[in-house]
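Data block below; observations after.
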Amino acid sequence: MKIKPIQIALFLLLILGVLFGIMFISEKGGIKKAQTEEDGFSYEGLSIKYPTYRRFLQLDKDTTLSKQDFLQVTQTVTPLAEETEGEQAKTDVSDTLIQPEIQQRPDFSKIDTTQLVRIRYPDSNPNFANELKKKLSSRSCRIIHYGDSQLEGDRITGYLRNRLQRMYGGSGPGFIPVKPVYNQISALVTPSENWLRYAKFDPTQAKFSHKKYGAYMSVSRFTEYNAQVLDSTKVDSLPIVKASVTISKSDKTYAKFRQFTRIGLHYGHCNFPIKISVYNDGALIQQDSLISDGKYHHYKIKTVTSPTNLKIELEGKVSADFYGLTLDGGSKVQIDNVAMRGSSGTIFSGTSATTYSRMMANLKPKIVIMQYGGNTIPYLKDSTEVDNYARYVVGQIKWMRRRAKNVNFVFIGPTDMCIPVNGKMETYPLLPYLNEKLMETCLANDVAYWSMYDAMGGKGSMEFWVEEKLAGNDYTHFTRSGTKIISELFFTALYLDLKENINDDT
C-alpha cells in the first residue's frame, strides 16, 4: 500500500505531539543522583533525562546575571548615602561577626563564586514586586524578618534595614528583647540582673503551658514562670520585686538606627498589679500601672529626641510576660530582627493564636521575611523528609497569614553547607534538593523566594567562602565580611525589582 504524504505528515505531527506531551510529565530536578539534579522523570527504577516544557519554551525567567553585568549593577544600584565622618561606626567592637563596617560597599570583584540571583515570584501573582514597592513607599511599613542564628546580632537584617530606610525613609532599629541573649549594637539595651528569658524555639527550656509567646517568639520576665494558677492569697504573701531596663542609642551603629522617639513595651499574661515608671536622664516622664487583664497590650513611650538614658522601672509581685521592645522612628520603614537560634521555622503554629493575632494586629506588618532551612539540613534522611519539611514550612506561613492580613511573604532559602566526606568538604547531599523544593512549594503558595544557596555560588561554594574568611570554620555561618556581601546580594536583587516598578503609582 502506498503511503500518502499527508499520512507521513500526520504521523510526524503525532510523534512530535507525543514528545512534546512528555515534557508535561517531566519535572524540574526529577532525576536525583547524589548531589546532582536534572530535569526528567523516573519510573520503576528507570530514570529518563528529559526537558520540562517550561525549560523548552524558555518560560522561566533567568534568575542570574553574568559576572560582568553583576559587577556593573552593584556599582550603579542606589547609592549607599555614605555616613559622614561623625556618623561612621567605631571599630572597637570585639565580636567580629557583629560589627557592621558601614563605610563602604562590599567588594565583589574577587569573589568568583557569587552571582546576582533574582528573587523568584509566584506565577499566580505577577504583581507581587509592585505590591512590595507600594508597601515600602507607604506612610508606614513594618517588616518582620524571622530567621535562625544567621540573623543574630541584627546581621543581614541591619544591613537591609539601613538600605531601605535610606531609600524610603524611616529610622530606629525596631524590635529588641528586654533581655538580649546575643551581642547586638543596633541600640544599647541593658536589663537588670533579675530578668529571665523564655523562648519557644529553645529546646533546653520548659515551655509555657499557656503558649503565649507573642509575635517575636520569646518572653522576658522578672520573676520565674509558674505553670500553676496563683490566687490572690498566695500572691499577697510574695515580696515586691523590682526590675529595670535601660535604653539608649548606640554610637557603633548606622546613623538611622540612632534616631528613635517611639518606644514600645509589649506585654501580656499580666494578671496581678505591676507599677511602671519611666525616667529620661533621671527625670520621671511617665508613671502608670500595667493593664492586668491577662491580654496582650502595648505600652507606649514617646520622647522628643532619641533617648540617651531612658530607664523603665517595674514593680510587682508576679511578672507579666514581656514580649520585647520596639524602638521606632515613628513612620516609613521599620524592620524587626527576630533571630531564633536552632529553629527551623516550624514553631509558630504551636503558640497561642489569639496572642499572636492581637500582637500582629497592633504591629501591622506589611511584609514578613522568613529565613530558614539550615538547621534542618543535618537531620534530613531522604527526599520524602525534604518534601514534608517544605510542606510544613509553608503550613506555618499559612497559619501566620490567617492571623496577619494583607502581608506579603518572602522566603530566603538556606546557605550552602558542607560536611567532611573522605577528607574533603562537600555540600550536604540533600541541600540542593531542599533549596529547589522550598522554592517550588513557596512559589505555589504565593510566597516569593530568594535562593541564598545559588547566590553564594551553589554546590561547594561554602568551601570558597571559608577560604576567603567570608564564613566560619563551621562551614555554616557567615563572618562579618560575608554577612555584608550576602546582604548586599539580597538587597540588590530586591532593588532591581523595585526599580522595575518605580514608575507605578503608590
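Dipole magnitude for segment 132-202: about 620 debye, using +1 per Lys or Arg Cβ and -1 per Asp or Glu Cβ, origin at the Cα centre. What segment 172-298 shows is 46 Å² of accessible area per residue, with the surface traced by a 1.4 Å probe over protein heavy atoms. Between the residues ALA455, PRO414, TYR428, the greatest Cα displacement towards the positive end of the dipole of segment 414-459, with unit charges on the Cβ of Lys, Arg, Asp and Glu, is found for TYR428.
Across the accessible surface of segment 308-393, with the other protein chains kept in place and a 1.4 Å probe, carbon and sulfur atoms take up 45 percent. In segment 210-287, what percent of the accessible surface is made up of carbon and sulfur (1.4 Å probe, ligands and nucleic acids excluded)? Answer for segment 210-287: carbon and sulfur cover 48 percent of the accessible area. The simple spin-label model puts a point 7 Å past each Cα toward its Cβ; for SER277 and LYS424 those points are separated by 6.8 nm. A 1.4 Å probe run over segment 352-416, with the rest of the protein chains in place, finds 39 Å² accessible per residue. Taking θ as phi - 60° and the Karplus parameters 6.51, -1.76 and 1.60, the scalar couplings of segment 482-488 work out to x, 4, 4, 5, 5, 5, 5 Hz in sequence order, x denoting glycine and proline. Each peptide among 234-246, 362-374 gets the average number of other Cβ atoms lying within 10 Å of its residues, and from highest to lowest they stand as 362-374, 234-246.
Of the peptides 315-328, 7-20, the order by per-residue mean of other Cβ atoms within 10 Å, starting with the highest, comes out as 315-328, 7-20. Expressed as a whole percent, the accessible surface of segment 435-501 that belongs to carbon and sulfur atoms is 44, based on a 1.4 Å probe.
The distance separating the Cα centre of segment 168-227 from that of segment 284-358 comes to 9 Å.
Rg and Dmax of segment 110-164, based on Cα coordinates, read 14.4, 40 Å. With one equal scatterer per alpha carbon and no solvent term, the Debye-computed log10 I(q)/I(0) for segment 148-305 at 0.09 1/Å reads -0.35.
Evaluated over the Cα positions of segment 159-231, the convex hull gives a direction-averaged projected area, one quarter of its surface, of 6.9 nm². Between the amide H of GLU426 and those of ILE419, VAL421, distances stay under 5 Å, these residues lying 5 or more places away or on another chain, with hydrogens modeled in the peptide plane.
The values are calculated or read from the model by the stated rules, or taken from the named source; none is laboratory data. Given the structure is predicted, the values throughout are model-derived calculations rather than measurements. All Cβ positions, even for glycine, are placed from backbone atoms using ideal geometry, and neighbour counts span all protein chains on display. The accessibility values were calculated without ligands, DNA or RNA, using every heavy atom of the protein model including side chains. Shrake-Rupley method; radii C 1.70, N 1.55, O 1.52, S 1.80 Å.
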